[in-house]
Each structure stands twice: as C-alpha cells, then as structure tokens.
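Heads up, the thing below is written out as structure tokens.
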Amino acid sequence: MHEEFNATDWLVDRHVREGHGERVAIRFEGKSVTYTQLLGEIKLVASGLRALGVGPEDRVAMVMLDSVRFVATFLGAMRIGAIPVLANPLLPGRDLAAIVADARAKLVVISAERLGSLDDLLADAPEVQHVVQTDQWNRFVGDKDNPIPPNSDAYNTWAESPGFWLCTSGTTGQPKLAMHRHVDLRITSETFGANVLGITADDRCYSVGPMFHAYGLGNSITFPFAVGASVVLVATRPPTPTLVADTIQAEQPTIFFCIPTFYAALVNSGLPSDTFSSVRLACSAAESLPAETFNRFQDLFGVTILDGIGSTEMLHVYLSNTPSAVRAGTSGIPVPGYDIRVVDDEGHDCPIGEPGKLQVRGGSAAVGYWCRSDTTRDTFCGHWTLTGDLYVVDNDGYHTYLGRADDMLRIGGEWVSPAEVESVLISHPEVLEAAVIGIPDDNGILRPVAHVIPVGEYSELTAVTGETLIAYCHDRLAGYKRPRQIHIVSDLPKTATGKIQRFRLRT
C-alpha cells in the first residue's frame, strides 16, 4: 500500500494540528495571515474547485501575481488532488494560451491585473471551461449569504502522486511543462532549506523572484511553510529597488532571495547602507552572480550573498555556496542530498579544471515533461538530469559557470530563444535578417543584443534604427525577451551553408 502524503497537509494542516495555528504564515499588504487563517482560505478554494467540477489530476492553470490567493489556489488545488499549472502572468495572452492549451487545463485562475490577456488566452485554449477572476473571488469561494458547500477534505494522495507543473523551455524555445510530485516540495525543504538556509520558525522570508517560477515557489511557500516560518509577499511586478528597500524596512525579513540582475540594480540604486540590516542570509540563483556584484553588495550592505544554481527540472537549488563556504564568482558546492557530475561529450567525468557539461542527481527531479517523450528521454537519463550548462570544478569542489551548451539565453531566470526574438524583428517591414546573442552588460549580467540587416541598401542613413526596433518589440515580446541593444549592420557572419555564426558576433 502507498503511504498517504498530501503536500498541503504537510505544509499547513500539520502546524495547526500541532498547536501552532496562530503563527503568522503570510504578511501581505501590511496584514498578517496566520496558519489557521491560511488553512481556511485553502479549504475555501478546495471547495470552490470541487463545486466547479475539478477533480483529481485535472489541471488548474494559474495566471496569478504573488498574493495570499495565489498560495491558497496552489495549495487548494493540490489539496483535492488536482494539478496547478503555474504560468508567468506577465506573458502576452497568446503565449499563455500555448501553455494552457498544452496542459489541457479546464479551469484558469487569473489575477484581475492581468485580465487584458484573457481574450487572447481563451481564443487559443478551447478546452477551458471556467475562468476565476480574483476581483470576483466571492463568486468562486462563496460568501456568508451564498456559501459554497464545504467539500475541502484533503484527497488521499501519495508522495508519488502528481503534484504540480512548472513551465520551462528548451533549445527550441517552445514551452515545456515539467511534472513534479507532491513529495518534491518536502525533498527541497530537507536539502536546500535545511542544509543551506538552516531555516527555522523564527525566520521571515522575502523573495524578489515570483512564485510562478521554481525558485520563487520554494522561497515563498516550501521553505517557510515547511518549518512554520512566515513569508512576505508583494504583488507588484516588475519590482523596483525602492519598492524592495521599502518592503525590507517595513517587514524586516531575515532571509532575502533575489537574482543577479536585480542584485546589480540594488547596488546601483544609492540605497542606505543599513537597508538589509535585518537580513541574516541573502541568496541568489537563476543565473550566475558576477563576483563584482557579490563584492559590491557585501561592501555596501555588509551581507554575504550565497550564489547557487537550480532548475525547474530539479525544482530548486542543488549547487550552492553556504554560510560557512563562500567563494565569489562560483556556484559553490553540491547541496547535501544531490550528486553533481561534470562530464565530456562521451559522458565521462572531466578532470579537475577541465570544462564539461553539468549533470545532477537528486530526489526532487521531475518525472518528465508533459507530452514531450523524446525531450524527456534526452534530459532525464536514468537517475541523472542533464542541465545543458557548462561548468568547471576546482580542487576544492567549487563549480564555476561557463555558459550554456547551446545558443539559448537565460535572462532573469527565464530561457529566451534567439529564434523567437529574431522572428519578431524580421516581421518588421524594414528588416531583412536578424541575429540575437547574449552579451554581458557592465555588471556582468547577460542581456539580449540583436544585429539586424535592413531591407534595401545599407548606409548610415538607413531609415530603421535600433530605437525604432526596440519600440517595435515592446508590444510583441515579454520584457525579459526584448533586446537591450540593436545594431544595424550590412551583413552577418555565416557558414558556407548559410547558417549564422553567432560566436563571431560575441567577439
């Protein structure tokens, strides 16, 4: 027989049963939500979903900004055995539709602030039967005059039961859905949460990274709720250094999670040196943190950043610096509970100091990609997951990131396909060809840069400009995909067969 395990029960109900229901679980918009109150919100969502006909393993697409309702929806869906599918709410409607349709979701929960994308979403996701808007919440969960009949008991899921799906993308740039189990949340809390963060019930977490992303999901739900700690949630997207500083001053978090691009913004924002005085640990992931940013943040604010790397496939960080072992410019050492290999093209372990492809093995690995059998077999090889990252390891076991093994760009924790950006640029009537690469900015953070051949004879008086094309991309690409620079050129380096040699553009 399978042992019963429901992640929602473990993360929330458990604390209430053990007499800790009055602990603060969430701080949101200046108000506190206790574990008892949060459990009540989760049960309302569970009953609301069941009333709409959602059952075990049905997909519930979430197009939501960080909020108490996000947490209640995610855990309420898992409570009844349904599968929440998390999508970036800032994506254009057509991109969201591709994700929702691929998941075959029958219900979409969407933040009121993102309703502008709903028509495009529904136009290309015909299997959606119900839409729940956060500005019409009482229609979903009921109110005192029209209550939804209670039907909120936790479904008899197992550790191995389907839990939730997270969006990722591969070398083609098409979205993939990584399928995780209920137990994966517990595993990451027992590995990174316990062994790197050393998190306790007295901690208060604050993550700049949003919860639709694997990194933010762990930071804002898994780690604090696993130990009965609290989390600070902020709905505003995108964040600004001033907003983050104000939030820290008001809420006094003890653990701060961020990404390299935003750490660079923080050190360039003229914030007071005591801004992070409440923070005992600062963490970074999603991409490599430049040593210069690490050093500047430490010098300015007196806080050491623990840089690491994780992935959607592994759910959270598996390679990290730790409070007792920090080396700037590296991703650190394996998190206890994970095994790491750096291998050559034949799959043999590389000698110390020799670059190779990173592989990881650990209990939180996804079971595969939804309806992507070939890609699943290419990525999940037995117990090992192939990350696609290039690394080198030194004699002390510290791993240094060298880049991707392909042309995909990782911007702000999200994968960007050059081909997708190029196709938008080429759709402009004045553009003939385009090539997109990643170039580090002055802070060492990777940014998309485009090289464009205009239609007609090239000259310094060519009508189309970089500024014109950046504006053109504004309404056609998500923010992190838009080129930061566009160079108008007369030709592009190519092979004899006409393939663009992107590596020559980087020199």
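A few points about this structure:
- Between helix 241-251 and the chain there is an angle of about 20 degrees, using the helix long axis and the longest principal axis of the Cα atoms.
- Förster-model FRET efficiency, 41 Å R0, V367 and Q252, C-beta, rounded to 0.05: 0.55
- Spin-label pair N295-L243: with each label point 7 Å from Cα along the Cα-Cβ axis, the two points sit 3.2 nm from one another.
- Beyond 27 Å in Cα-Cα separation lie the following of the pairs K31/K106; K43/K106; K176/K481; K43/K144; K43/K481: K31/K106; K43/K481.
- Near-label residues of region 46-66 by backbone N, under 19 Å of a point 7 Å along Cα→Cβ of N156: 55-58
- Most simply put, the chain has about 60% antiparallel DSSP beta bridges, counting only bridges with both residues inside it.
- Nearest-0.05 FRET efficiency for D345 and I470, computed from C-beta distance (R0 30 Å): 0.20
- Between helix 35-51 and the chain: long-axis angle, C-alpha atoms, 0 to 90°, nearest 10: 80 degrees
- Calculated FRET value between N268 and C381, using beta carbons and R₀ = 51 Å, to 0.05: 0.75
- When the helices of the chain are scored as -39500 (n - 2.57) per DSSP H run of n ≥ 4 and the total is divided over every residue, the value at 222 nm lands at -7000 deg cm²/dmol.
- Shape call, region 181-406: gyration tensor on alpha carbons, a/c limit 1.5: prolate
We did not get these values from a lab; they are worked out from the coordinates using the rules stated. Quick caveat: nothing in here was measured; it's all calculated off a predicted structure. Neighbour counts run over all protein chains shown; Cβ positions are idealised from the backbone, glycine included.
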